[in-house]
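Every read-out reported here was derived from the displayed coordinates using simple, explicitly stated rules and does not represent laboratory data. In this text the structure is predicted, and so the values were computed from the model without any measurement.
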């Protein structure tokens, strides 16, 4: 159990709490957090994201790999994102979307997908990078840009569950037919038990589905709709979502994964845009991923 002792340390646990706190606070108490932020002077609102460097300091120092360059990156980049989106809010009061919005999305998306900054962390704790960058995006888009219509509210409604499960039901036979035909999916008949199923679903929901759905549907599809319309935004976002999986489970371009993810993105996008709720598309996403990981991988 030495590996567990190395993973679950006081600095790592403190870093996890600091990383998850902004994510969960805005997801469950959006109005209260926004009201508190709005009461602060602009300079303070723009400086606060520098605190997102704290998880890096704790984890890297505890692992003996702290580097000032990485610290500077995690202190400056979230502030830069906040400044760019503050300028976007000033220049685009009607929220029709601007190049600044897409610049931030491109920077965040490429940094996560191409794993630019994961070298800052111990290999087994690279997920910190994804959540810290997610926090920077949440702070910028929700609290500084105050982007409307994203639907980042994890106080799930029955409608979110119904819509999410419906779209998962629509996608599953399509995925099975296409995935089995391509040799990408392989059926496993074992029943893992209710606890592993629930655990897989909850982990996927909070750490994979919600971050990806917030980025691709709440922000990207939402902003693209204002430029190119609902249908085009749905299809383009789905295609980009598929391309974001090009390097998953393969050394080279994994076109089978890209295709299935792109098709899945259509159903995720449909779930989100029904009531413009990230929770709904995250239910679809988590259900599809849980089925895949437990019975089809």
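The table for this structure:
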| read-out | value |
| --- | --- |
| Shape call, the stretch 19-68: gyration tensor on alpha carbons, a/c limit 1.5 | oblate |
| Proportion of all alpha-carbon pairs of the stretch 216-297 beyond 21 Å (%) | 28 |
| Evaluated at q = 0.08, 0.16 Å⁻¹: base-10 log I(q)/I(0), Debye formula over Cα of the chain | -0.35, -1.42 |
| The chain: most fluctuating residue of 218, 183, 269 per GNM, C-alpha cutoff 10 Å | 183 |
| Centre separation in Å (Cα based) which lies between the stretch 201-261 and the stretch 1-78 | 25 |
| Structure-based [θ]222 nm, the chain - -39500 (n - 2.57) summed over DSSP H runs of at least 4, per residue, nearest 500 | -21000 deg cm²/dmol |
| Max mean-square fluctuation residue, GNM over the chain, Cα-Cα springs under 10 Å, options 217, 145, 157 | 157 |
| Mean separation of Cα contacts under 8 Å, 6 or more apart, over the residue count of the chain: relative contact order % | 21 |
| Gaussian network model of the chain, springs between alpha carbon atoms under 10 Å - residue of 86, 43, 70 with greatest fluctuation | 43 |
| Spread of Cα-to-Cα distances over 5 Å intervals beginning at zero, given as percent, for the stretch 2-144 | 2, 10, 19, 21, 20, 14, 9, 4, 2, 1, 0 |
| Rounded D (µm²/s) - the stretch 158-296, Kirkwood Rh over Cα pairs, Stokes-Einstein at 4 °C, 1.567 mPa s | 86 |
